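Worksheet for the structure shown next.
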Amino acid sequence: MSKKLPRPERRAQLLDVASAIVREEGTDALTLGSLAERAGVSKPIAYSHFETRSGLMIALSKAAMDRQVAALAAALQNAPQEPERIARILSSAYLECALTIGPEWHAIDAALRGDATMEAHQRRTRQDHAAFYAAAIQPLSKLDSKVVQRRCAGLIGTMEALSAEVMEGGMPLDVAVDDLVALIRKWLIEG
């Protein structure tokens, strides 16, 4: 058994171990029992942090999204409000975050499908992400805010697809970034 850690540190450790299990063995291998065993804790500890496998998968997804949003917010904080610069920051941050998290991000996303609780989480995450992007783009756009919001929802889907292509080796990162920059500029900023 591992040593006693404060609850937030234990949760972070469990999420790191869960991410490693997904990366090495896939999402099917990730259960609360396998997590507890690999982390060197009792099953009740794993259950107390996540309650269910769905809760664990949602926590993994949320941790990935939180890292992505934090990196993006930091990049945007002091950026000049120039269309090309903002479009490049938005594009690069999303794709680089997806590469940093790795292929387990898409595996976790796929594992979240099919369960009502997990699908509701995914829907909220996409809506929150689209709202974040819309807030960054709106000051530069000629379009109505409702149009920007709708198009940002489509942009998130495009970013997910392009990040999968980059991770699978079907497209170089710089090409994907350039394509997203062009899309953001033409579809969301210039309208």
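Table for the structure above
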| item | result |
| --- | --- |
| Accessible area per residue in Å² at 1.4 Å probe, computed on the stretch 1-120 | 52 |
| Cβ-defined net charge surrounding ALA12, 14 Å radius [Lys, Arg +1; Asp, Glu -1] | +2 |
| Hull volume in cubic angstrom per residue (convex hull over the Cα atoms of the stretch 116-164) | 75 |
| Cα extents of the stretch 1-100 along the three principal axes, largest first (Å) | 52, 28, 19 |
| Kyte-Doolittle mean at least 0.5 and Cα axial length at least 24 Å: DSSP H helices in the chain | 53-77, 83-101 |
| Cα-based Rg of the chain normalised by 2.2 N^0.38 Å, two decimals | 1.13 |
| Carbon and sulfur %, accessible surface of the stretch 38-138 computed with the full protein complex present, 1.4 Å | 55 |
| Rg/Rg_globular for the stretch 138-182, with Rg_globular taken as 2.2 N^0.38 Å and Rg from C-alpha atoms | 1.35 |
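The values are calculated or read from the model by the stated rules, or taken from the named source; none is laboratory data. No experiment lies behind these values; they were computed from the predicted model shown. Positions of Cβ are generated from backbone atoms using ideal geometry, with glycine treated the same way; all protein chains shown enter the neighbour counts. Ligands, DNA and RNA are stripped out before the accessible areas are found, and what is left, the full protein with its side chains, is counted by its heavy atoms. Shrake-Rupley method; radii C 1.70, N 1.55, O 1.52, S 1.80 Å.
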